[in-house]
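Taking it in order: structure first as structure tokens, then the write-up.
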Amino acid sequence: MKPFLNNRILEALKAADSIFLCTHIAPDGDAIGSLLATKLLLEGMGKKVTACCADPVPKRFLSLPGAAEIVKPEQVFADFDLAMSLDAADMSRIGACTQIYDKAPVRLQLDHHGTNPAYADENEIDSGAAATGSIIFRMLKALGQPLTKDMAACLYTAISTDTGNFSYTNADPEAFEIMAELVATGFDFGSCARQFHLMREAPWLGMLSRALSRLTFLYDGKVTMMTVVPQDYAEMNALPEHSDNLINYGMYIPGVVLCCFVNSQNDEVTKVSFRALPPYSARRVAVRLGGGGHEAAAGVTLKLPLDKAVEQVMKSIDEEMNSHS
Ligand SMILES: [Mn+2]
């Protein structure tokens, strides 16, 4: 287990009474799991905690302990002694939580994105951590707090989703060490695993069928591209969360080293995600377009219509493929 390094964060948390917690927009399992685990941890220390996310909590995470208490920024009127953001690679990623976060007298953050500019007053950023959930586990140990079943369910959600159910290379020894302690609490591992890693809602499968129907191979089968458009969401009764992880199917094909998922939002905005295998870098492809992320997984939101976005994306992919040919 790696140590928690920034003691000033621990001291600030101990000294605070009211705490504002927030996480990134379009929240994933690490975002919601980290938010709820930290909420439970700090409540266990007698703190008054408000957990906030600017975007709705995806339905599949609503069964997690405390998920119903996550509020929207527009529901928050109180002032706080301290604000902490979790898993947000830069401050714009917390969306409308920024106003509340920024006016707190002490601003902290925990994150594991290598591109994080350390925007808080006190930062604990470890790009070597499998998930922000791993850093929260270190913090729990450093604070000497007990690990409860409810916290275990939340941290399992955080770490297992960010490691692709322990199948990505970021699933390091620490992730498995933490996992052993989580399972030892007796939390309902079986139903959490089934819920987060096996079950799929019908609209998600509908979106998958649309994405696969448009899968194209580029660069002699080394690159794949998939596209979904607003009409797909409407026809499949799908929410934004129903395109989560569809991109991975582009990487499940032997020989593919880089894949791209183009998610058209409307005539003006196109979200694009990337996955890559070394030596190719999803982060480099995204950063050239103004986005960010990890070597293996990254993304960008382009203020461009679909066709113009694809043009830009192709240029960045071309640069990446030519740099290693
Ligand atoms: Mn994460």
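The values are calculated or read from the model by the stated rules, or taken from the named source; none is laboratory data. Model, not experiment: these values are computed from the prediction. Using ideal geometry, Cβ is built from the backbone for each residue, glycine included, and neighbour counts are taken over all protein chains shown.
Brief remarks follow.
- Whenever a residue of the range 155-167 is touching a residue at least 40 places away in the same chain (Cβ under 8 Å), its partners that are away from the ligand (no atom under 14 Å from the Cβ) and of a type in the set (G, A, S), lying with C-beta atoms within less than 8 angstrom and at least six residues away or across chains, give the pairs S160/A193.
- Screening the range 209-325 for strands (runs of 3 or more DSSP E) wholly inside it with 3 or more residues that are within 25 Å of P27 (Cβ to Cβ) returns the ranges 223-228, 258-264, 270-276, 297-302.
- The set of residues in the range 97-115 being at pLDDT 95 or above and either within 15 Å of the ligand (Cβ to nearest atom) or buried (at least 16 other Cβ atoms within 10 Å of the Cβ) (or both) consists of C97, T98, I100, Y101, A104, V106, R107, L108, Q109, L110, D111, H112.
- Considered as a group, the residues in the range 73-96 that are free of Cβ contacts under 8 Å to residues at least 24 places away in the same chain and out of contact with any helix residue (DSSP H, G or I) (no Cβ under 8 Å at 6 or more places or on another chain) include one that is surrounded by the most Cβ atoms within 10 Å (Cβ to Cβ), and that residue is Q75.
- Residues of the range 144-175 satisfying the condition of being assigned to a helix (DSSP H, G or I), away from the ligand (no atom under 15 Å from the Cβ) and under 14 Å from A193 (Cα atoms): A152, A153
- Among (1) surrounded by fewer than 23 Cβ atoms within 10 Å (Cβ to Cβ); (2) farther than 20 Å from R8 by Cα; (3) within 16 Å of the ligand (Cβ to nearest atom); (4) not β-branched (V, I, T), the one test that S127 misses: (2)
- Test: I94 is assigned by TED's automatic domain parsing to the domain that holds S167 and farther than 18 Å from I9 by Cα: yes
- Extreme residue, nearest to T163 (Cα to Cα), among residues of the range 270-294 that are buried (at least 17 other Cβ atoms within 10 Å of the Cβ) and touching a residue at least 60 places away in the same chain (Cβ under 8 Å): H294
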